[in-house]
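Report on the structure given below.
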């Protein structure tokens, strides 16, 4: 029989996936290291097991103990899974900017979660760093792994992530990019890769509001660089011990907005339903690659987590609009398309009992390529497209005398007025050539691929 002793034995050996669409115009091969294939859906599963097992070996925690950690969510999930397998309790502190999904997931696996304010300094007693440290002192037999300064973090990636990338690229990797938060992922991986080939270039992705990039370039810890930002999991207002700046060759900063938009593009264009900082990593790495990557180069970008952590944020159109991340020019809505017609668009329909020949005549008169089919009461029961009719007539010319209802396709889908272009475009395909929408006055409008193209270029 082939099975694992526990869920934590499934951690690692995540796949490399080639990026094909978001990389247009980029020379070289760009591969994503997709870490959501870990059981806790993030790269942090790797360090969670390493930190606990190193602590056990050092006698820092005994059976029945409590693991207490400050986390943005993903490390907490990894620690929670490891704790379940090893019989420990968990208490996690989180900043209030973290998504509700992350909090709910941690509670679902049995952890206690304490939410702390974001806009306080790290040494403020209310910060999630300080609360975790205090609890670890007050609770007997407690372990505070401290992923920021615990070098087991870096060691985990040196032992697993680096070797996996080297193996799966057959040693051809030339560039490695990853977000920098605690620093363990990029530094542990880069250390291994650079030991195999000293010319491998390491690119750290930072966010505006974080100190890393300026510190790397000037050696100055500038508190003026620190201000609130929304992206979760990268950037810091401290210098964790796991950040070895000698192992990171370049830093690129990415805005919250650019990261969020790229994250959604990865889902739509590459089929990678990933988290927010994944968008940061890809956007930043590709910006750097435009000027530096050569045709023979191989760039690996680490994608740390899964999109389920962000359903209420970057995958929510309302949230994106509220934060100014969806621009009307780029992401218009069905409502905008209907409004642009200034009330001059009436819906053309055809009765199901009407001959196909009459439907063809109506399509030509109205200069349209599709229309809904209705029954005698006016209810929409199907759809008709010129391409479908043409295909049928080529096979059997007598089709023109048959009733429309005998050759019609299924009805077009109804969509909400506030669905954005990216959602609308994903719903139009060979089997569904158009969409229907009801306006506020309950009038029905048809939206075609031509409407979407017009809205994009408006």
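With the biggest extent put first, the Cα atoms of region 334-457 measure 42, 28, 23 Å across the principal axes. Shape class of region 45-143 from the Cα gyration tensor (axes a ≥ b ≥ c, square roots of the eigenvalues): oblate, since a/c reaches 1.5 or more and a/b does not exceed b/c. Shape index of region 1-109: Rg/Rh, with Rg the Cα radius of gyration and Rh the Kirkwood radius from the inverse mean 1/r over Cα pairs, equals 1.07. Share of antiparallel DSSP beta bridges in the chain, in percent to the nearest 5? DSSP beta bridges in the chain are roughly 35 percent antiparallel. The sum of -39500 (n - 2.57) across all DSSP H runs of n ≥ 4, divided by the residue count of the chain, sets its helix-only mean residue ellipticity at 222 nm to -10500 deg cm²/dmol. Cα convex hull, region 30-88: 85 Å³ per residue, rounded to a whole number.
Ranking of 212, 414 by neighbouring Cβ atoms within 10 Å, starting from the fewest: 414, 212.
Of the Cα atoms belonging to region 1-46, the radius of gyration and Dmax stand at 14.6, 48 Å.
For the chain, the convex hull spanned by the alpha carbon atoms encloses 208 Å³ per residue. Legend: ranking of residues 217, 112, 405 from fewest to most surrounding C-beta atoms inside 10 Å; resulting order 217, 112, 405.
Ranking of 211, 30 by neighbouring Cβ atoms within 10 Å, starting from the fewest: 211, 30.
Of interest is the spacing of the C-alpha centroids, which for region 215-279 and region 131-167 amounts to 20 Å.
Every number here is computed from the coordinates shown, using simple stated rules; none is lab data. Note that the structure is predicted; figures quoted are calculated from it, not measured. Using ideal geometry, Cβ is built from the backbone for each residue, glycine included, and neighbour counts are taken over all protein chains shown.
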